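Structure first, then comments.
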Amino acid sequence: MKKFVLIIMILLNLCSTTLFSTDIRNPEGLKLYSYIVLLYYENVHFVNKIEKEKITVNELFQNETVNHTRYISYMNSLGDKRIKSLAQEMFDYYKDRNSFTAEKLDVLEKSLENENILVKFNVNNRSEHYIDYLLFGKLEKLSVKSPLFKDVEDYYNIIPYLPYDDLRTSSTTFYPNLIHINMNEMYYDHKIFLDILSGKNSIPLYLGVPIDDNIRSAVKKAYPDKKCTVSDVRILMENMILTMQIAREKLKIKEPPVTRGFGLSSVIYDSPYEGLILLYAYLQYDKKTEYSKAANNFIKFTSDKTGNDSIKKDPSLLCSMTKDDLAKIAHEYYLYLLKERELY
């Protein structure tokens, strides 16, 4: 365990140069978060960033209770009754998790969220308690619903206030009911689409691959009036990522090409030509990646369903199909992927 903690500390220190470089609107919440991370994970990184008295690696290894004593010292120094009460509850839960009911933990989650501390307690039974995630940021309820998985609970976009390696780009997450949308990427993708629509073609890459004629054709068919908003781009990506997250969580799918296949079928079903923009980009990825496999699987399915073998050799033919035909194929592909799978 100590060796693992040391490795984590080294990795965090390597990427810490930008940590706290942005304005933190809730310094008390950040401080509480830092000490909770210290207490639960013996991770001194955040505390050392905000406190003058540092905890050295030697101290952590030589004194196994340093995380307890420093947390208690911090807790005793608090004047804010609200923060102190939360700190005490987290300490109580650390000492005796079985004394907390699911209802009590729900209340604690909401109280911590008010301080920008995002935590998800998981209680499988009376003897098994654990934390799914512990992050600093805020949650944004998604207004977009997956057109293929409508009857599921609410999902949220996590907006991190600290840099986390797994939350740098728009993606699914390992956290239940959470996805991440990086708005900088949305603004840049919007800029790319406008560049194509204007005919300038001055930006060479989209999603890290060259912008070819297929991508240009799909963008122009998706926005025939040459009007594209940042909201359009975000909805496209939210639909894709949300559907993938639901497929992985609710269908327990472990194969990345299949979860991405669900995502592709969802965006093409909802907005056919916008979905093709993603598909054409994925085709340019290495053939061994989940992106290329998902795109090629959809193309093969479409070719077989339509009886048009030429689509396999020339995927640009997809762009000549009508919206209704593409949407119908996408829904059939979704049902094909869904076959013999049950929602949990």
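Numbers at a glance
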quantity	calculated
Spin-label model distance (nm) - SER198 vs LYS287, 7 Å beyond Cα toward Cβ	3.8 nm
FRET efficiency estimate (nearest 0.05) - Cβ-Cβ, TYR130 to ASP165, R0 25 angstrom	0.75
Percentage relative contact order, region 246-344, counting C-alpha pairs under 8 Å, at least six apart	35 percent
Cα-based helix-to-principal-axis angle, 81-95 vs the chain, degrees rounded to 10	90 degrees
Modelled FRET efficiency - R0 45 Å, ARG82 with LYS305, Cβ distances, 0.05 increments	0.15
20 Å reach of a label modelled at LYS95, 7 Å along Cα-to-Cβ, counting backbone N of region 39-68	39-42, 64-68
Highest-first arrangement of 245-256, 274-285, 293-304, 105-116, where packing means the average Cβ count within 10 Å	274-285, 293-304, 245-256, 105-116
3J(HN,Hα) from dihedral phi, region 184-199, Karplus parametrisation 6.51/-1.76/1.60, rounded to Hz, x for glycine, proline	4, 5, 5, 5, 6, 4, 4, 4, 5, 5, 5, 4, 5, 5, 7, x
Principal-axis tilt of helix 2-14 within the chain, Cα atoms, nearest 10 degrees	60 degrees
Gained length - SER320 relative to TYR40, 0.36 nm times residue gap less alpha-carbon distance	95.2 nm
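Each value in this text was obtained by applying a stated rule to the coordinates, not by laboratory testing. None of the values given here were measured: they were computed from a predicted structure. Counting neighbours? That spans all protein chains shown, and the Cβs are built from the backbone with ideal geometry, glycine included.
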